[in-house]
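All remarks here apply to the structure that follows.
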Amino acid sequence: HRDIERGDNKGLEDLVDPLLDEKASAKNVDDCEESEENGSIVMVLLSTAVAVCGSLEFGSCVGYSAPVQTDISIDLNLSVAEYSVFGSIVTIGAMIGAVTSGRIADTIGRKGAMALSAVFCIAGWLAIFFTMGSLLLDTGRFFTGYGIGIFSFVVPIYIAEIAPKDLRGGLTTLNQLMIVTGSSISFLLGTVVSWRTLALTGLVPCVLLLVGLLFIPESPRWLAKVGREVEFENSLRRLRGAKANIYAEANEIHETILTLQSLPKAGLLDLLDTKYIKAVIIAVGLMVCQQSGGINGIGFYASETFQTAGLASGKAGTVAYALIQIPVTIIGVVLMDISGRRVLLLVSSSGTFLGCFLAGTSFFFKGQAIFLEWVPLLAVSGVLIFIASFSIGMGAVPWLIMSEIFPLHIKGAAGSVAVLLS
């Protein structure tokens, strides 16, 4: 102040400017909000990337049996019946895993359920790798099936619970896309590596998942449901940004939980109520049609199907099978909200019918010893048309419809029945 009294105000010119520059302040606020938003999106994307490692593991397990059938049968001296048990026992494990997944995820949390699934899958793959006979081989396959059964429930649930509303739909569809990707990778790798080495590659998604779980938050909705309020707030802040206003979303989550708790708990007999029976028939019917249409038979034994049809090697057909799944699934995801669920289901089911018809016709011709030159072409065309048609609609749409048509308080019971029957 003495300098100002003497008239020496050199260097104090900035005092004439307003203390708060509205434009600069607004810019700083926008930059801060943008930074927080980007930071929160990064955590959501990281959490989703870790979770879909379970989906990748699901696809790896499903796609394992097709390219290795001949090698495993020769090395372990398995009969067709013994290999059929190995190929199909995964579905029994997955059925049990899916039925128990809801209780497990509610008891130990979404992250705990994913970690448990990964442990089962790791144990299963190691059993397959070290096996010298059919007993350990089947045990390992059952363990991986149980693990992916839990993954089938908990991965989409976790993604839906952590994602903001505007990203929820797109991120949830990554589950189906990564299942297809895992299956395609197994098909491709199975043509160039041994069956034991391919079993070891199934460990990779599990290891990535277990490591990633150390760095991502638990589902805030589950934390709120079990009353862990401090962890609930911390988890939501990590997902939405440290300075984000989370109170509106937190209140919405609490209100949803209170609403669910106030509703009567639905049992299996409640599904027969006239208010819900139509939705149950639709969901169960779609899931049954999805699985009974032949996807497991074609997927598990694609390589053997091509060889039996007369191809010198099943590898070329297996590679084509693998390469066609991913782009067609992406097209289906894009069309899902544009064309609608019903149109995709109609197109997809028509295509799977045509694929089955062509493949069946090829083996009819072979059995009757007529038009033998057409047999390989019809078989390959039928299988590829089938998998392309299945990937564009019947693969993902039934799961989506099942999540949309049930009231909240019966969704758990109805979903369990639909998954069990699938």
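Here the contact order of segment 351-398, divided by its residue count and restricted to Cα pairs under 8 Å and six or more residues apart, works out to 50 percent.
Site pair residue 282 and residue 106 shows an inter-label distance of 2.4 nm when each label is modelled 7 Å from Cα along Cα→Cβ. In the complete set of protein chains, residue-level accessible area for residue 196 is approximately 60 Å², probe 1.4 angstrom.
The listed residues 218, 252, once ranked by accessible area (1.4 Å probe) with the largest placed first, stand as 252, 218. For segment 81-217, the relative contact order works out to 32 percent when only alpha carbon pairs closer than 8 Å and six or more residues apart are counted.
Within 10 Å, count the other beta carbons around each residue, average over each peptide in 287-295, 274-282, and list them highest first. Could the numbers behind the result be given before it?
On the way: 287-295: 17.1, 274-282: 13.3.
With the highest mean Cβ count within 10 Å placed first, the list reads 287-295, 274-282.
Taking 60 Å as R0, compute the FRET efficiency from the Cβ-Cβ separation of residue 244 and residue 296 and round it to 0.05.
On the way: r = 45 Å, r/R0 = 0.74.
Efficiency, rounded to the nearest 0.05: 0.85.
Please list 186, 152 in order of solvent-accessible area, largest first, computed with a 1.4 Å probe with all protein chains present.
Numbers: 186 5, 152 35 Å².
Highest to lowest solvent-accessible surface, that is 152, 186.
The gain in end-to-end length when the residue 41 to residue 335 segment is fully stretched comes to 103.4 nm, 0.36 nm per residue minus the alpha carbon separation.
For residue 372 and residue 404, calculate 0.36 nm times their separation in residues minus their Cα-Cα distance, and state this gained length in nm to one decimal.
6.8 nm
For residue 196 and residue 79, what does the FRET efficiency come to when R0 = 25 Å and r is the distance between their Cβ atoms, rounded to the nearest 0.05? Computed FRET efficiency for residue 196 and residue 79 comes out at 0.80.
Decide, for segment 180-308, between rounded, prolate and oblate: order the square roots of the alpha carbon gyration tensor eigenvalues as a ≥ b ≥ c, take rounded if a/c falls under 1.5, and otherwise choose prolate if a/b is larger than b/c, else oblate. It would help to have the intermediate numbers written out before the result.
Working: a/c = 3.63, a/b = 1.37, b/c = 2.66.
Here segment 180-308 falls in the oblate category.
Sorted largest first by accessible area at a 1.4 angstrom probe radius, with every protein chain in place, the residues 132, 95, 43 fall in the order 132, 95, 43.
The values are calculated or read from the model by the stated rules, or taken from the named source; none is laboratory data. What you see is a predicted model; the values in this text were computed from it and never measured. Neighbour counts run over all protein chains shown; Cβ positions are idealised from the backbone, glycine included. Note: areas computed on protein heavy atoms with side chains; ligands, DNA, RNA excluded. Shrake-Rupley method; radii C 1.70, N 1.55, O 1.52, S 1.80 Å.
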